Amino acid sequence: GKHRIVIPCLGHFKEEYEKVSKLYMNNKIQTTKYTLLNFLPRNLFEQFHRVANLYFLFLVVLNWFPLVEAFQKEITMLPLIGVLTIIAVKDSLEDYSRYKMDKQINNLLTKVYSR
């Protein structure tokens, strides 16, 4: 079987604990997809993997050519921007609720066996 060494983080064992604990991964749970830095690029990347969003983007780009222009350029962009914004807000709220749940689970008290 597997053997586990538990060194308590108390008093004179503190240095030993810090040395040994650096060798192991922590056991924190993280189910979030985004960070503040990667939210916008990652979310847009995921959204443009949807065929409908690519179609609307194609219509927006097509409308910028004078030969094809059916509506004002800005009006063509509104539905796509609206949909992207609504989905981004929904995704951010879902990710924030996952973050809160992770934080709650990671801060649960546990019992540690000590002789």
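At a glance:
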| quantity | calculated |
| --- | --- |
| Cβ-defined net charge surrounding Phe48, 14 Å radius [Lys, Arg +1; Asp, Glu -1] | 0 |
| The chain - percent of accessible surface contributed by carbon and sulfur, probe 1.4 Å | 66 percent |
| Spatially close lysines, pair count over segment 29-107: Cα under 19 Å, gap of eight or more or interchain | 4 |
| Projected label distance in nm at Ala70 and Val51, using a 7 Å step from Cα toward the beta-carbon | 1.9 nm |
| For Asp102, net neighbour charge (Lys/Arg +1, Asp/Glu -1) across residues whose Cβ lies under 12 Å away | +4 |
| Rounded accessible area per residue of the chain, 1.4 Å, Å² | 92 Å² |
| Exposure rank, largest accessible area first [Met101, Met77; 1.4 Å] | Met101, Met77 |
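The values are calculated or read from the model by the stated rules, or taken from the named source; none is laboratory data. Only a predicted model underlies this, so the values are computations on that prediction, with no experimental measurement involved. Here the Cβ is made from the backbone with ideal geometry for all residues, glycine too, and neighbour counts use every protein chain on show. To get the accessible areas, we keep the full protein, side chains included, count just its heavy atoms, and leave off ligands, DNA and RNA. Shrake-Rupley method; radii C 1.70, N 1.55, O 1.52, S 1.80 Å.
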